[in-house]
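*Asks:* For reference, the structure I am asking about is given below.
The values are calculated or read from the model by the stated rules, or taken from the named source; none is laboratory data. Computed from a prediction, not measured in an experiment: that's the story for all the values here. Cβ atoms come from the backbone with ideal geometry, glycine included; neighbour counts cover every protein chain shown.
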Amino acid sequence: MLLEIFKDHFFQFLVIGLKTTVPLAIITFILSLLVGTISAFINLADTRRFTLVWFIQQINHFYIWLFRSTPMLLQLYIIFYGIPKAFPNLSLGVWPAAIIGFTLNTGAYASETIRGAIGGVPKGQFEAARSLGMGTKTTFLYVILPQAFRIAVPPLSNTFISLVKDTSLASTISLIEIMQLAQQTAATNFQILDTYIVAAAVYALFSTILSKGQKVLEAKFKSYELAH
């Protein structure tokens, strides 16, 4: 029976994954990198207490704490179901709600990863750049960020792989993706275990491909470092 379910639905699940799951993960990851980078720079800003930047930092700290301390599923529920109840004019479709929810959650984790990567660049790099007459902006763009990016690649790659799997939570707000399609299929063929095993195989395939890509990317960065 499992082989029949696999033959009948594996390609169907794979197609919906390529149409929905992967694009959702890519869009969300790109946006979360943007959010995370901005958030990281806000946290790294050197400022005095009770200035405008300081207040922005406190809001940023609260954002990171909130989204790292609560379940992603609950965040999706609040965005899709809760906010429209409180503010009817802010009703969102399933795609915007999923993108916002995943972006804010992943962005909070990416912020700490990027901040840690920038902090992992030896301070001597700043001093060396300044001794060469580089300004702060030039130093960050051409000296600090490239090195920080190499440090951040492994954890950010893991974040993306996790995000691909976490998109299954979007099924709870009725977004048609792999998990939602698997639920619908299981409800009609009554082969619940077999259907979910096939869905798991598709997720495993995506994760394996991404893991291989991650290793290739890390190997290229290591070879670049050895060459320089």
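*Asks:* List the pairs whose first member sits in region 155-175 and is under 23 Å from GLY120 (Cβ atoms), whose second member is hydrophobic (A, V, I, L, M, F, W, C) and in a helix (DSSP H, G or I), and whose Cβ atoms are under 6 Å apart, counting only residues at least 6 apart or on separate chains?
*Replies:* Partner pairs satisfying both residue conditions: PHE160/PHE29; ILE161/LEU210; LEU163/ALA25; LEU163/PHE29.
*Asks:* Test SER111 against the stated conditions and say whether it is free of Cβ contacts under 8 Å to residues at least 24 places away in the same chain and within 20 Å of PHE67 (Cβ to Cβ).
*Replies:* no
*Asks:* Further, regarding this structure: Would you pick out the residues in region 103-126 that are among the basic types (Lys, Arg) and farther than 30 Å from PHE80 by Cβ?
*Replies:* LYS123
One line per residue, one yes/no per condition, for (1) in contact with a Ser or Thr (Cβ under 9 Å, 6 or more places away or on another chain); (2) among the hydrophobic types (A, V, I, L, M, F, W, C); (3) closer than 20 Å to SER32 by Cβ:
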site: LEU52; (1), (2), (3): no, yes, no
site: PHE62; (1), (2), (3): no, yes, yes
site: TRP65; (1), (2), (3): no, yes, yes
site: THR70; (1), (2), (3): no, no, yes
site: LEU76; (1), (2), (3): yes, yes, yes
site: PRO84; (1), (2), (3): yes, no, no
site: SER91; (1), (2), (3): no, no, no
site: ALA98; (1), (2), (3): yes, yes, yes
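*Asks:* If PHE11 meets every condition in (1) free of Cβ contacts under 8 Å to residues at least 60 places away in the same chain; (2) farther than 22 Å from LEU181 by Cα; (3) among the aromatic types (Phe, Trp, Tyr) apart from one, which number is that one?
*Replies:* Here PHE11 clears every test but (2).
*Asks:* Can you report the number of residues in region 66-86 which are part of a loop (DSSP other than H, G, I, E, B) and surrounded by 12 or more Cβ atoms within 10 Å (Cβ to Cβ)?
*Replies:* So the count comes out to 1.
*Asks:* Residue check: is PHE41 surrounded by 13 or more Cβ atoms within 10 Å (Cβ to Cβ), part of a helix (DSSP H, G or I) and in contact (Cβ under 8 Å) with a residue 60 or more places away in the chain?
*Replies:* It is false that PHE41 is surrounded by 13 or more Cβ atoms within 10 Å (Cβ to Cβ), part of a helix (DSSP H, G or I) and in contact (Cβ under 8 Å) with a residue 60 or more places away in the chain.
*Asks:* Can you run down the residue pairs with Cβ atoms below 6 Å, 6 or more apart or on separate chains, where the first is in region 188-212 and closer than 18 Å to PRO23 by Cα and the partner is of a type in the set (D, E, K, R)?
*Replies:* Cβ pairs passing all conditions: TYR203/LYS165.
Okay, residues lined up against (1) among the aliphatic types (A, V, I, L, M); (2) at pLDDT 95 or above:
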position: GLU4; (1), (2): no, no
position: ALA25; (1), (2): yes, yes
position: THR51; (1), (2): no, no
position: PHE55; (1), (2): no, yes
position: MET72; (1), (2): yes, yes
position: ALA97; (1), (2): yes, yes
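*Asks:* So, one more: Checking the structure you have, find out if any residue of region 47-65 is within 25 Å of SER174 (Cβ to Cβ) and buried (at least 18 other Cβ atoms within 10 Å of the Cβ).
*Replies:* No, region 47-65 contains no residue that is within 25 Å of SER174 (Cβ to Cβ) and buried (at least 18 other Cβ atoms within 10 Å of the Cβ).
*Asks:* The conditions are (1) of a type outside the set (D, E, K, R); (2) surrounded by 12 or more Cβ atoms within 10 Å (Cβ to Cβ); (3) under 30 Å from LEU193 (Cβ atoms); (4) at pLDDT 95 or above, and PHE10 fails exactly one of them. Which is it?
*Replies:* Among (1) of a type outside the set (D, E, K, R); (2) surrounded by 12 or more Cβ atoms within 10 Å (Cβ to Cβ); (3) under 30 Å from LEU193 (Cβ atoms); (4) at pLDDT 95 or above, the lone unmet condition for PHE10 is (4).
*Asks:* It is to be established whether one or more residues within region 18-38 are closer than 14 Å to ALA182 by Cβ and out of contact with any Leu (no Cβ under 6 Å at 6 or more places or on another chain).
*Replies:* The answer is yes; a qualifying residue exists.
*Asks:* Anything in region 102-137 that is among the acidic types (Asp, Glu) and modelled with pLDDT under 90? List them, or say none.
*Replies:* Hit for region 102-137 is GLU127, nothing else.
*Asks:* Looking at region 118-126, can you tell me whether even one residue there is out of contact with any Lys or Arg (no Cβ under 7 Å at 6 or more places or on another chain) and within 28 Å of MET72 (Cα to Cα)?
*Replies:* For region 118-126, residues out of contact with any Lys or Arg (no Cβ under 7 Å at 6 or more places or on another chain) and within 28 Å of MET72 (Cα to Cα): present.
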